[in-house]
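One structure is given here, and the rest of the page talks about it.
What follows is calculated from the coordinates using simple rules that are stated; it is not laboratory data. As the structure is a prediction and not an experimental result, all values here were calculated from the model. Using ideal geometry, Cβ is built from the backbone for each residue, glycine included, and neighbour counts are taken over all protein chains shown.
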Amino acid sequence: MWYNIGVVSQEKVETMPTKVKKPFLSVKDTTMPYVEFVKSFSTEFKARRYLEKVRWSDNKPICPHCGHTHVWTTKRNGVKGYYECPNCGKVFTIRTGTIFERSHVPLTKWLYACYKVITSRKGISSIQLALDIGVTQKTSWFMLQRIRMACTQTMDVGKMLKNIVEADAVYFGGKEKNKHESKKLKKGRGTVGKVAILGAKERGGRVGAKVILDTSHETVHDTLKGMIDGTATLMTDEHASYVGVPFANHNIVRHAVKEFVNGMASTNEIESVWSILKRGWVGIYHHFSQKHIQLYVNEFCFRLNEGKCDVKLDERIKSMCVFSLKKKPLSYKALLAREGDNGLMRAA
């Protein structure tokens, strides 16, 4: 982009009115260059102090075991950052009870992984992250899966989708004809062997998505009720599973007859969510296993909700850290454990 820069006289400068700051943030305001990020978290001490400030806003450590507020600082093998609770006698650190617990990876590398997850529109592969931070692919994948677990957001009463909400379902999975002969299900084409995801997006607002076992009337209704407020106006396509949804209003668009907008009714925003998810699937990950696909969906939803580009990057990173510090750690054994009866990962 070219800028026309002219010379302004001193008289003009003095008479020029002061510009009113625009209500939206520029790209410069909302991003943080990699060099700046590295400078902010260049040492383990800086990374630890940052997380402690995020977790304990008043800089007063709280015992994660018993909740006691008066604790002692201590050292282990000459290393600082340990705290001892006089009430229960247990020793803890900023990692205790978080996704960073029982990990030998430095916090500087953990924060870099969070930085990449929050800033990479289509995600980052475990191989690329391993090369960036100097760990094995197995370690980086485990780190990313823990971060994705932290991205899990429950639709609490205060966070239910309201006003005008668009809902749609999408299928993920390879084509039957492209599979190896030993992996072909031989049960037909279409949605056979694919995973269904039901999503909902508030117009201009938050998004939620969940892997569902089928697209039956009961499953779709129960899933939508868990994400959307009952007073909302729902916009969907003409699929039979949406008939009789328990919401204030329900408008539909008939995609079968090439109708994509009907007055206020459309599903364009939720379909744009599927577009981003598919770009990540095709361009970065190439495959989502049925067992772990919900974690990847959580990552994309978190990035759209908490990591929007119109929010300052330091606030986005802080939001990621807040969720990371509240989530209990996922063990590697649980991550590799056999999936549940529904084919999805068992609850950790």
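Using a 10 Å cut-off around each Cβ, can you sort W281, W72 from fewest to most neighbouring Cβ atoms? Don't skip to the end; give the middle numbers.
Numbers: W281 19, W72 11.
Ordered by Cβ neighbours within 10 Å, fewest first: W72, W281.
So for H70, H221, fewest C-beta neighbours within 10 Å to most, what's the order? Before the final figure, lay out each step's value.
Details: H70 11, H221 17.
Neighbour counts put them in this order, fewest first: H70, H221.
Per Stokes-Einstein, at 20 °C and 1.002 mPa s, what whole-number D in µm² s⁻¹ belongs to the range 36-95, with the Kirkwood radius over Cα pairs as the hydrodynamic radius?
On the way: Rh = 12.3 Å.
For these conditions, the coefficient is 174 µm²/s.
Write down the Kirkwood hydrodynamic radius of the range 100-232, to one decimal in angstroms, obtained as one divided by the mean of 1/r over all alpha carbon pairs.
Working: mean 1/r = 0.0560 Å⁻¹.
Kirkwood hydrodynamic radius for the range 100-232: 17.9 Å.
Taking neighbour Cβ counts within 10 Å as the exposure measure, how do Y112, Y34, Y285 sort from fewest upward? List each step's numbers first, then the result.
Details: Y112 20, Y34 11, Y285 16.
If I rank by nearby Cβ atoms, fewest first, I get Y34, Y285, Y112.
Of K194/K278; K39/K159; K80/K333; K46/K328; K184/K225; K90/K318, which ones are farther than 26 Å apart at the Cα?
Values: K194/K278 14 Å; K39/K159 35 Å; K80/K333 30 Å; K46/K328 23 Å; K184/K225 35 Å; K90/K318 28 Å.
Checking Cα-Cα distances, K39/K159; K80/K333; K184/K225; K90/K318 exceed 26 Å.
Largest first and in whole Å, what are the equivalent-ellipsoid semi-axes of the range 157-289 based on the Cα gyration tensor, each being the root of 5 times an eigenvalue?
28, 16, 15
What distance in nm lies between label points placed 7 Å from Cα along the C-beta direction at N59 and A248?
4.7
Test of understanding: what is the full-extension gain from K184 to H70, defined as 0.36 nm times their sequence separation minus their Cα-Cα distance?
Working it through step by step, the gained length comes to 35.0 nm.
Using the charge dipole of the range 238-307 (Lys, Arg: +1 at Cβ; Asp, Glu: -1 at Cβ; taken about the Cα centre), state which of C301, V245, N262 has its Cα farthest towards the positive end.
Toward the positive end, the furthest listed residue is C301.
Charges only on Cβ, +1 for Lys and Arg, -1 for Asp and Glu: so what's the dipole of the range 157-289 about the Cα centre, in debye to the nearest 20?
Working: 20 positive and 14 negative charges, 145 e Å.
It works out to roughly 700 debye.
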